[in-house]
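Nothing in this text is a laboratory measurement; each read-out follows from the coordinates by a stated rule. The shown structure was predicted, so the numbers you read here are calculated from the model rather than taken from an experiment. All Cβ positions, even for glycine, are placed from backbone atoms using ideal geometry, and neighbour counts span all protein chains on display.
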Amino acid sequence: MRDTHSPTRTQFGWLLAAVSATLAPHAIELPYWLVILCAGLIAIRSTLLWRRGKPPRQLLILLVAVAAGIGVRFEFGHFFGKDPGVALLAVLLCLKLLESRTTRDLRAAVLLAYFLQVGLFFYSQTPGIAALALAGALLTTTTLLSLEDAAARPAAQLRTSAVLLAQGLPFMLVLFVLFPRVQGPLWGLPSDAYSGMTGLSDTMTPGSISQLGLSDAIAFRAEFSDTPPPPSQRYWRGPVLTRYDGRSWRPGFSTIAAAPRYAPSGRAYEYRLTLEPHNQPWLLALDFPAANIPKTRYADDFRLLAEQPVRMRTRFDLRSYPATAVGKDENAIVLAEARRLPANFNPRSTRLAQEIAAEAPDSAAILARILERLQGMDLTYTVSPPLLGTHAVDEFLFDTRQGFCEHFASAFVFLMRAAGVPARVVTGYQGGEINPVDGSLVVRQSDAHAWAEVWFTGRGWVRVDPTALSAPARIESGLSAALGDWDALPLLRRPGMDWLREVRHRWEALSNTWNQWVLGYNPDRQRDLLERIGFPQPDWRTLAMLLGTSAAGLMMLLLAWAFALRRRRDPLDAVWARFSRKLARHGAARHPWEGPLDYGKRLAMTFPERAEPLRTISEDYARLRYGAEPADPRSVRLLARSIRRLKLK
């Protein structure tokens, strides 16, 4: 019958705090109208609690629920999946809070709050999200404690909740270390299991990379064992685009092998690459990775590929040789595709390239003259280029003269092909920023870049970056140094934000440590750890045995600690034990089965001259220990004084 009682204002206050702390981090993922609805429902319930008003009628709450469900359906197009599921749970939690009349209703809201705290990790698993989820769990657990003991002080309830969570930490660590690691996202419906991942696409159209230039999200990190390569060699290879339809570039013919078809040469750079998930197989390695990298494959366009799309944060230990000569014996099919252009596109650019080719003696001269002409066209590098029409290259070179790296690369490759020289577009990332806190090289989505490769007889594929003609600072110093329009940059890339960048460096160094040691604890690292502690080739039986043994050991330690704490901290028991020892010294030791009242009666008969104070002490202890009200410190001190003043012959 307890759960049918009306909750107190304190119990409702704890629940309001828990719901607010739970839903606040979800606000950045939920539709704005739903955030406003949830905030309004919480505000209404808070007002009703303050004014001691009654909850709205059930019919009104039902209508709001139906309207919210319709809104979620229109917003997401369906009810099944991560995003609509979390949205519906958020609304239901607020409506449950609004309609709550009994402590049973509050318990149901508490369960919804716990589930939504887990839902935070569907979107992000950063240290900040973990801290916010922990704060929500603390307040939600305090709400549960208040439902069990409404008379306890709020500070005591919060402290008890923190102690309970702290007691769960050892079990959490044991489960983290020993529970079988399951690779993949927390959310597994195919429709949206990998939604929200950003990064390069395997197609390139005018404006596609400039959109990434506005994102400050991290694409990957590289930790070099020695000095990193200079900026001019920091080209992180992604999709290689050969087929051109007049507007978009797409991958061409390519084969996959277990080893690269080049012999690495020149200086080697060893580094650990930590890739953020992007749901694509390419690994964005520095040109050109060595052979024998576990769980990878090599494309004949020199990309390094994972065996499966990168759908979770992944680490690879790599060695790259940027100075390697590649493609000297290139396939004739690849070269033919690298010369092909669609008919009836960009006539002005075609005429220009043909004029240059007619005057140049060889491919190297064609390259030099095309670069010279491009440099003389006064092209502007901008992250906000104007839209282009059917003849995109013509419009960029002769009309707008404004573009981002994909415009420069596309126009250059078109001109080289029109002049009869094999060329192709390469997309990926260029540059990166050294984090001064941990020394890692951070490459962001805004470092996305497109460049070109030109093929020469006897030399193979040679990188050419036409963007450097108009914006050389882009290659040496990054995007922010190359753009004059600072307002178009992400906030922390703008001048005058040094102190914010310092804060970000420290936060990202912490996040990197979290990623490496917590989120990066995968099946391989678990297996290595178990082998080091004496369990080679552990199977599920070994893990189950270790889990059970560790959990049982932790439980015994906690029980022993609890009993020791009770004995050490209970002043009433300490006073009674002192009384018992005092009487034992006079030949009247208390029997283990003897209660305080029976003991007092026996003492009164043994010491009739002190019968009254002996009975009083025994009765006072029994009242304080077993009475309805807990023993207050003053009563315990008075009992201790009576025992000290007791004189026995």
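Which value, in debye to the nearest 20, gives the size of the charge dipole of the chain about its Cα centre, when Lys and Arg are +1 and Asp and Glu are -1 at the Cβ?
4440
Excluding Leu510 itself, what net charge comes from residues whose Cβ is under 11 Å from its Cβ, given Lys and Arg +1 and Asp and Glu -1?
0
Which whole-Hz couplings ³J(HN,Hα) result when phi for each residue of region 395-411 is put into the Karplus expression 6.51 cos²θ - 1.76 cosθ + 1.60, θ = phi - 60°, listed in order with x for Gly and Pro?
Result, ordered by residue: 5, 5, 6, 10, 10, 6, 6, 10, x, 9, 4, 5, 5, 5, 5, 5, 5 Hz.
Within a Cβ distance under 10 Å of Leu275, other residues only, what is the Lys/Arg minus Asp/Glu net charge?
With Lys, Arg at +1 and Asp, Glu at -1, the net is +2.
In the chain, what % of DSSP beta bridges are antiparallel (nearest 5)?
95
Picking from Ser618, Pro228, Leu175, whose Cα lies most toward the positive end of the charge dipole for the chain (charges on Cβ: Lys, Arg +1; Asp, Glu -1)?
Going by the Cα projections, it comes out as Ser618.
Mean separation of Cα pairs under 8 Å and 6+ residues apart, divided by the residue count of region 208-493: what relative contact order is that in percent?
Relative CO of region 208-493 lands at 25 percent.
Given Tyr298, Trp540, Leu48, which one lies farthest toward the positive end of the charge dipole of the chain, if we put +1 on the Cβ of every Lys and Arg and -1 on the Cβ of every Asp and Glu?
The residue sitting farthest along the positive end of the dipole is Leu48.
Against the empirical 2.2 N^0.38 Å scaling, what ratio does the C-alpha Rg of the chain come to?
1.39
What is the calculated FRET efficiency for Asp378 to Trp517, with r their C-beta to C-beta distance and R₀ = 45 Å, to the nearest 0.05?
For Asp378 and Trp517, the calculated efficiency is 0.30.
For the chain, what does the helix formula give at 222 nm: sum of -39500 (n - 2.57) over DSSP H segments with n ≥ 4, over the residue count, nearest 500 deg cm²/dmol?
Helices in the chain give a 222 nm mean residue ellipticity of -15500 deg cm²/dmol.
Run the simple label-point estimate for Ala155 and Arg541 please: 7 Å along Cα→C-beta, distance reported in nm.
My value for the distance between the label points is 5.6 nm.
Could the peptides 314-327, 396-409 be put in order, highest first, of the mean number of other beta-carbon atoms found within 10 Å of their residues?
396-409, 314-327
Please report the spacing between the Cα centers of region 378-405 and region 597-616 in Å, no decimals.
One Cα centre to the other: 104 Å.
Taking Lys96 as the anchor, which aspartates and glutamates have their alpha carbon closer than 12 Å to its alpha carbon, excluding any fewer than eight residues away along the same chain?
Asp105
Could you give the length gained by full extension between Ala336 and Arg644, i.e. 0.36 nm per residue of separation minus their alpha carbon distance, to one decimal place?
Full extension from Ala336 to Arg644 adds 100.4 nm.
Normalised by the residues of region 2-148, what does the relative contact order come to in percent, with Cα pairs under 8 Å and at least six apart?
Relative contact order, region 2-148: 41 percent.
Within 10 Å of each residue's Cβ, count the other Cβ atoms and sort Lys295, Lys601, Lys54 from fewest upward.
Lys54, Lys295, Lys601
Whole Å is fine, so just give me how far the alpha carbon centre of region 17-32 lies from that of region 224-248.
Centre-to-centre (Cα) distance: 39 Å.
Could you tell me the calculated FRET efficiency between Arg637 and Leu49, based on Cβ-Cβ distance and R0 = 41 angstrom, to the nearest 0.05?
Once rounded, the FRET efficiency stands at 0.55.
When you count, for each residue, the other Cβ atoms within 10 Å and take the mean per peptide, how do 91-98, 273-280, 412-419 rank with the highest first?
Result, highest mean Cβ count within 10 Å first: 412-419, 91-98, 273-280.
Residue-wise, which Karplus ³J(HN,Hα) couplings in Hz belong to region 294-303, taking 6.51 cos²θ - 1.76 cosθ + 1.60, θ = phi - 60°, and x for glycine or proline?
x, 6, 9, 9, 10, 8, 6, 9, 6, 7
If you filter region 516-555 for chymotrypsin sites (Phe, Trp or Tyr not before Pro), then keep DSSP loop positions with at most 14 other Cβ within 10 Å, what is left?
When the chymotrypsin sites (Phe, Trp or Tyr not before Pro) of region 516-555 are filtered for loop state and at most 14 Cβ neighbours within 10 Å, Tyr521 remain.
Between Met172 and Ser580, 0.36 nm times their residue separation minus their Cα-Cα distance comes to what?
Length difference between fully extended and current span is 142.6 nm.
Relative contact order for region 589-649 using alpha-carbon pairs under 8 Å, separation at least 6, rounded to a whole percent?
The value is 27 percent.
Obtain the nm distance between the two label points defined at Thr102 and Trp561 by a simple spin-label model: each point lies 7 Å from its Cα along the Cα-to-C-beta direction.
3.8
On a straight-distance basis, which lysines could pair with Lys328 in a cross-link, Cα separation under 30 angstrom, same-chain partners fewer than 8 positions away excluded?
Correct list for Lys328: Lys295.
If you plug each phi of region 423-433 into the Karplus form 6.51 cos²θ - 1.76 cosθ + 1.60 with θ = phi - 60°, what whole-Hz ³J(HN,Hα) values come out, in order, with x for Gly and Pro?
8, 8, 9, 10, 10, x, 9, 10, x, x, 10
Full-extension gain between Asp570 and Ala268, please, as 0.36 nm times their residue separation minus the C-alpha to C-alpha distance.
102.0 nm
What order, most packed first, do the peptides 420-433, 575-588 have when packing is the mean number of other Cβ atoms within 10 Å of each residue?
The densest-packed peptide leads the list: 420-433, 575-588.
Summing +1 for each Lys or Arg and -1 for each Asp or Glu, what net charge is found among the other residues whose Cβ lies under 14 Å from the Cβ of Arg532?
Result for the local shell: -1.
What residues have an amide H closer than 5 Å to that of Leu284, excluding those fewer than 5 places away on the same chain, when H is modeled at 1.01 Å from N in the peptide plane?
Answer set, sorted by chain and number: Leu304.
Towards the positive end of the charge dipole of the chain, with charges on Cβ (+1 Lys, Arg; -1 Asp, Glu), say which of Phe408, Val462, Gly478 has the farthest Cα.
It is Gly478, whose Cα lies furthest towards the positive end.
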